[in-house]
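**Q** Just dropping this structure here.
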Amino acid sequence: MSKHLVRRHSYVARVGHWLTVFSFFVVTLSGLAFFFPSLRWLTAIFGTPQLAQLLHPIFGIIMILGLCILFVKNVAHAILDKDDVPWFTNVIEILKGREHEVVEVGQYNAGQKMLFWTIIGLGAVLIVTGIIAWQPYFAPLFPVSVVRLCLVLHSLSAIALMLGIIVHAYMAFWYKGTIRGMIRGTVTRKWAALHHPRWLREIEKGEDAHSSRLSS
Ligand code: HEM
């Protein structure tokens, strides 16, 4: 690897991420087609409405499996701790785009961490309510009132997830060089020094320890 690059995401995390993204688009398009009669034409993307109805829960499960990979790979870095306090107390400056001047961010900033837990929480609600409401397999096992409540919760959490993902994808494009990390696995040291300086310092400490072990 070039001296200018550092590894940010493993191969498994990247495959898990893009599998989640692809399935997210399939479930979003088919879900919107069921929810809004005016968008029923979207089912044509899948061939027929029946096929869209079949693919929606299958890709929903694939999305959750991808999300499980992302959970395992990122959970250790997504726990809020005392180092996140300055991010909250300086949130106005951060919204003005001065994050690197006011806080020293680690692997993820507090905003990313909160969005991570929101995505994981909504994913959990979507899979549980989706399975209970799944016709004709599981829904007949539950009272109609429970299935109806699950459908409401399923729709609300799907809308919340769509809004969360719009913010997530916007931020990924906004901070130039971030997407590269999820495609190639590496980011430039310059990007890391600007957006995640504490994380870069920890990596460089590890590299120094490794090279001094080799030279001794
Ligand atoms: C076009 C859509 C998307 C783009 C461009 C995108 C881009 C990215 C990028 C660049 C990262 C790495 C951030 C970093 O290294 O700091 C990331 C992380 C992540 N993405 Fe996405 N993503 C998209 C959609 C999704 C979807 C649909 C989900 C889940 C339903 C998702 C869940 C995650 C999670 C859990 C992480 C791990 C770290 C974090 O929470 O920031 N992403 N994404």
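The values are calculated or read from the model by the stated rules, or taken from the named source; none is laboratory data. Since the structure is predicted, the reported quantities are computational estimates derived from the model, not experimental observations. Ideal geometry is used to build each Cβ from the backbone, glycine not excepted, and the neighbour counts take in all protein chains shown. The area values use the complete protein model at the heavy-atom level, side chains included, leaving out ligands, DNA and RNA. Shrake-Rupley method; radii C 1.70, N 1.55, O 1.52, S 1.80 Å.
**Q** What is the Cα coordinate range of the stretch 5-215 on the first, second and third principal axes, sorted by size from largest, in whole angstrom?
**A** Largest to smallest, the principal-axis extents are 65, 38, 31 Å.
**Q** To continue, here is another question. Quick check on my link table: of LYS3/LYS73; LYS3/LYS176; LYS73/LYS96; LYS82/LYS190, which ones sit more than 23 Å apart, alpha carbon to alpha carbon?
**A** From the list (LYS3/LYS73; LYS3/LYS176; LYS73/LYS96; LYS82/LYS190), the Cα-Cα distance tops 23 Å for LYS3/LYS73; LYS73/LYS96; LYS82/LYS190.
**Q** Next question. Pick out the long, greasy-scoring helices in the chain: whole DSSP H runs spanning 20 Å or more along their own axis by Cα, mean Kyte-Doolittle at least 1.0. Intermediate results must be reported in sequence, preceding the final value.
**A** On the way: long enough: 11-35 (35 Å, 1.45); 49-74 (36 Å, 1.53); 110-132 (33 Å, 1.71); 144-174 (45 Å, 1.86); 197-215 (27 Å, -1.37).
Result, helices passing both filters: 11-35, 49-74, 110-132, 144-174.
**Q** Note down the accessible area of TYR175, probe 1.4 Å, to the nearest 10 Å².
**A** Here the accessible area works out near 60 Å².
**Q** Sticking with this structure for a sec: Protein chains only, probe 1.4 Å: how do ASP84, ASP208 rank by accessible area, largest first?
**A** ASP208, ASP84
**Q** Counting Lys and Arg as +1 and Asp and Glu as -1, each charge on the Cβ, what is the dipole of the chain about the Cα centre in debye, to the nearest 20?
**A** Approximately 500 debye in magnitude.
**Q** Give the accessible surface of the stretch 36-143 per residue, rounded to a whole number of Å², with probe radius 1.4 Å and ligands, DNA and RNA excluded.
**A** Using a 1.4 Å probe on heavy atoms only, each residue of the stretch 36-143 averages 59 Å².
**Q** Taking all protein chains in place and a 1.4 Å probe, what share, in percent, of the accessible surface of the stretch 5-215 do carbon and sulfur account for?
**A** Using a 1.4 Å probe with all protein chains present, the stretch 5-215 comes out at 73 percent carbon and sulfur.
**Q** Another one. I want to check the label-to-label distance for GLU204 and GLN50. Put each point 7 Å from Cα in the C-beta direction and report it in nm to one decimal.
**A** 6.3
**Q** Just reorder HIS168, HIS196 by solvent-accessible area, largest first, 1.4 Å probe, all chains present.
**A** HIS168, HIS196
**Q** Sticking with this structure for a sec: Using a 1.4 angstrom probe with every protein chain in place, what is the largest-first accessible-area order of LEU67, LEU141, LEU39, LEU153?
**A** LEU141, LEU153, LEU39, LEU67
**Q** Considering Cα pairs under 8 angstrom that are at least six residues apart, work out the relative contact order of the stretch 5-215 and quote it in whole percent.
**A** Taking the mean separation of contacting Cα pairs over the length of the stretch 5-215, I get 27 percent.
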